[in-house]
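Beneath this line is the structure, given in structure tokens, with notes to follow.
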Amino acid sequence: MTLAIVLAAGSSAAGLTTATGEPLADRLAVQLRQAGADDVRFAATLDEVTALVASATAPVLVTGTDLVAHTAVLRHLATSPVGPTVALVLGDPPVPGRAAVREERGQVVDAGALDTLDGDATGVFGGALRVGVDDLPTLAAAARAAAGGPGSAVDRLFAGLAALGTLIFAQRVRLLVARRIESADELTAAEAAVTAVDEDRAELRLSVKEKDDFFSTYFVSTWSPYLVRLAARLRLAPTGVTAISVLFALAAAVLFGVGGRPALVGGAVLLYLGFVLDCVDGQLARYTRNFSAWGGWLDTMADRAKEYLVYAGLGFGVSHAGLGNGWALAIAAMTLQTVRHMTDTWYGVLHDEAARRPRTTTGASGGIGDRLNAASTRVQADTGSLSYWLKRTVVFPIGERWALIALTVALFNPLVSLIAVLVWGVLAFAYTGALRTLRARWMWVPVLDTVDTTLHRDDGPLARWLPVVRPMGPLTLAVIAALGPAVLLVAALLTDTPDGLRWAVPVALLVLLVGGLGAGAAHNGPLDWLVPAALRAAEYLFAIAVGVVGGVPGWLIFGYVFVLTVHHYDLTARLEKRQAAPPLHAATLGWEGRSALLALTAIVGVAGSGLATLGAYLLVVFVVSVVLAWFVRPARSARASVTPVGAGGAAPH
């Protein structure tokens, strides 16, 4: 049961009445109920807030009595999927008595009086916040610490919560209206501003991301809101739209495999429409505020599955048309994109962690990393400029990938399409890798030591048994681990008799296992965020090399690596959603355990059976984990949970 608290202490607007004659605080209570609060209480002091929070078992909404806003603003705050604790942040200039905010990458990294922020304020607290369940004890502590102080109580509470180190995400107001008022004249002006905006139309426009990639912005989002409104009227759920987009991508993959100009053009059209629907599912979720952890996870997994199914269709089409080894190109494209995505995920975690920490003296001011960081900030701020779009396009995001595939396959053939994806992907990887490495060395912020390192390395029992080699560092060991399989793969591809290299498989395995020597070491170097990606590359290269040496068909190698990528995307999706390990994670054996089993099958000459059996096993484990994590366990928790009745505070009349 979501509790909302209207905090009146220290507010000069507590006694103001709206144009309809009701107290402003009462209207806020009504809006909070419309925004999703099950129970709304008034609190005259921060001590009352402490008592109310003590009995809360669900997220708590807290507002002052001086907020005039569209109900949608409060609904967006209550349902925001960005994190458990979210604060409303306005772009108004800070004024005395209100908490100023310094925000970076959507996070509140500092809050308090304007003079305490050294002129670095980027906004002002909007007088409302949602606090996640895990942060409620900190909220109670902040309320106790701020009790009895001067000025607005809700501002003191927010600043105290931030000072205690709580991770607070910022919700900016766009297109809608939210104002904090102090007088009757300001109330009248704010109400007029609210009335002047069509709330539903604004919400439909807000369903589109404010900053998206070039292709999505100009070739999808210009008309996708019409589909969003239609889907909402048809009562389609975002997950339903996701499923339809998967079917479109699957149909496109089949047409790419069939070949022939009509089929290729038809597949390109279906691929484009599938990408439109891929955007629509997220837009529909934002428009209807229908968010769920399951939906977010499913969207992430479906995006990758769709893209790799398309690669499979292209690879089959190349081989079917006699244009070359299409499966080799498809495997290369899938491996490249997966390793890229792993670096993207961990660099995002690095950047978020850097925003929350003061920069150490290791990175000297004025160095190349400092200049790159400043240049990137300037370009990102120059929205719509040529440099802005170049920066967003050169990294080869998903919209541009799908557009490139659709155009090249329609105008040329699947071979050209796969080569184009590989060439642009390699260049984008080199560009982002070089710049991120320089910036990461400047930031010098460890991130793997903030999570379960063993989980996100995907270590199995064998890696935990291996001795620890600390002086070389886990990244160096992971890179060495990838070199052995890479050399074996190149040798197998260059020889006419790859089966003769069966003796080299155990040698490559031993080199691969070097990566396990860093499992127990501290992952606190400036570039150790690259370790998971390096280990992914090492495992994929080894599996592909085993398949080539064993004469395994390309489609089977592709299928096995595809299952591995699904497993690894599950891990990173859980990282992004701050969730625990999959229920059967231990049964996946770890990267080193799986590789050892494949090596054994290659040595005895049954590599094909080994890839097929292990791939099928991992797929079954994945499916069972999904059922347990998203259906069985939540159902058990729902049956076992009992919601207590909240206590304290006065109910609004």
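The values are calculated or read from the model by the stated rules, or taken from the named source; none is laboratory data. Quick caveat: nothing in here was measured; it's all calculated off a predicted structure. Positions of Cβ are generated from backbone atoms using ideal geometry, with glycine treated the same way; all protein chains shown enter the neighbour counts. Protein only, heavy atoms only, side chains kept; ligands, DNA and RNA dropped before computing areas. Shrake-Rupley method; radii C 1.70, N 1.55, O 1.52, S 1.80 Å.
Can you give me the pair-distance distribution of region 59-116, C-alpha pairs, 5 Å bins, whole percents?
In whole percents, the pair-distance histogram is 4, 14, 26, 25, 22, 8, 1.
Put +1 on the Cβ of each Lys and Arg and -1 on the Cβ of each Asp and Glu in the chain; which of Gly148, Phe542, Pro137 then has its Cα farthest toward the positive end of the dipole?
Of the options given, the answer is Phe542.
At 1.4 Å probe size, what's the solvent-accessible area of His76? Round to the nearest 10 Å².
It works out to around 30 Å².
Between region 105-125 and region 13-35, how far is it from one alpha carbon centroid to the other, in angstrom?
28
Which trypsin sites (Lys or Arg not before Pro) in region 565-645 pass both tests, a DSSP loop state and at most 16 other beta-carbon atoms within 10 Å?
Details: sites: Arg574, Lys577, Arg578, Arg594, Arg636, Arg639; in loops: Lys577, Arg578.
In loop regions of region 565-645 (DSSP not H, G, I, E or B), the sparsely surrounded trypsin sites (Lys or Arg not before Pro) are Lys577, Arg578.
Ignoring ligands, DNA and RNA, what percent of the accessible area of the chain is carbon or sulfur (1.4 Å)?
Its accessible area is 64 percent carbon and sulfur atoms.
Quick one: 3J(HN,Hα) in Hz for region 215-230, Karplus 6.51/-1.76/1.60 with θ = phi - 60°, rounded, Gly and Pro as x.
My calculation for region 215-230 gives 5, 5, 5, 9, 10, 10, 5, 6, 9, 4, x, 5, 5, 4, 5, 5 Hz in order.
Taking K and R as +1 and D and E as -1, what net charge do the other residues with C-beta under 14 Å from the C-beta of Glu186 add up to?
The answer is -2.
Could you sort the peptides 217-230, 161-174 by per-residue average Cβ neighbour count (10 Å cutoff), highest mean leading?
161-174, 217-230
Putting +1 on Lys and Arg Cβ atoms and -1 on Asp and Glu Cβ atoms, find which of Val30, Ala14, Ala403 reaches farthest to the positive end of the dipole of the chain.
Ala403
Angle between the Cα long axis of helix 368-381 and the longest principal axis of the chain, 0 to 90 degrees, nearest 10?
The helix 368-381 is inclined about 60 degrees to the chain.
For region 77-148, what is the charge dipole size about the Cα centre, in debye to the nearest 20, if Lys and Arg each add +1 at the Cβ and Asp and Glu each add -1 at the Cβ?
Taking the Cα centre of region 77-148 as origin, the dipole is about 260 debye.
At 4 °C and a viscosity of 1.567 mPa s, what translational diffusion coefficient does Stokes-Einstein give for region 160-263, taking Rh as the Kirkwood radius over Cα pairs? Give it in µm²/s as a whole number. Don't skip to the end; give the middle numbers.
Details: Rh = 18.4 Å.
The diffusion coefficient I find is 71 µm²/s.
Each residue of region 260-270 in order: what ³J(HN,Hα) in whole Hz does its phi give by Karplus 6.51 cos²θ - 1.76 cosθ + 1.60, θ = phi - 60°, with x for Gly and Pro?
x, 4, x, 5, 5, 5, x, x, 5, 5, 5
Over all Cα pairs of the chain, how is the pair count split among 20 Å bins, expressed in % and running from 0 up to the last occupied bin?
17, 47, 30, 6, 0
For the chain, with every protein chain kept in place, what is the accessible area per residue (1.4 Å probe, Å²)? Could you put the intermediate results ahead of the total?
Values: 27280 Å² over 653 residues.
On a per-residue basis, 42 Å².
Taking the Cα atoms only, what angle lies between the long axis of helix 554-576 and the longest principal axis of the chain, rounded to 10 degrees?
20
Among His76, Ser387, Gly112, whose Cα lies farthest out toward the positive end of the dipole of the chain, if unit charges sit on the beta carbon of Lys, Arg (+1) and Asp, Glu (-1)?
After comparing all options, I get Ser387.
Counting only Cα, what are the radius of gyration and maximum Cα-Cα distance Dmax of region 1-97, in Å?
Rg, Dmax (Cα atoms, Å): 13.4, 37.
Sort Tyr617, Tyr308 from largest to smallest accessible area, using a 1.4 Å probe on the heavy atoms of the protein chains. Please list the in-between numbers first.
Values: Tyr617 90, Tyr308 0 Å².
From most exposed to least exposed: Tyr617, Tyr308.
Report the residues of region 57-71 in range of a label on Thr45: point 7 Å along Cα→C-beta, backbone N strictly under 20 Å from it.
63-65
Whole-Hz ³J(HN,Hα) for each residue in region 590-607, computed from phi via Karplus 6.51 cos²θ - 1.76 cosθ + 1.60 with θ = phi - 60°, x for glycine and proline: what do you get?
x, 4, 6, x, 4, 5, 5, 5, 5, 4, 4, 5, 5, 5, 8, x, 10, 4
Provide, for q = 0.13, 0.17, 0.18, 0.30 Å⁻¹, the log10 of I(q)/I(0) from a solvent-free Debye sum over equal Cα point scatterers in region 370-423.
Each listed q maps to, in turn, -0.45, -0.63, -0.66, -1.08.
Nearest 5 percent is fine: what portion of the DSSP beta bridges confined to the chain is antiparallel?
Expressed as a percentage, antiparallel bridges in the chain total about 60.
By how many degrees, between 0 and 90 and to the nearest 10, does the Cα long axis of helix 153-163 differ from the longest principal axis of the chain?
Orientation of helix 153-163: about 30 degrees from the principal axis.
What does the charge dipole of region 1-123 about its Cα centre add up to, to the nearest 20 debye, if the Cβ of each Lys and Arg holds +1 and the Cβ of each Asp and Glu holds -1?
360
Relative contact order for the chain: what percent, with Cα pairs under 8 Å and sequence separation of 6 or more?
12
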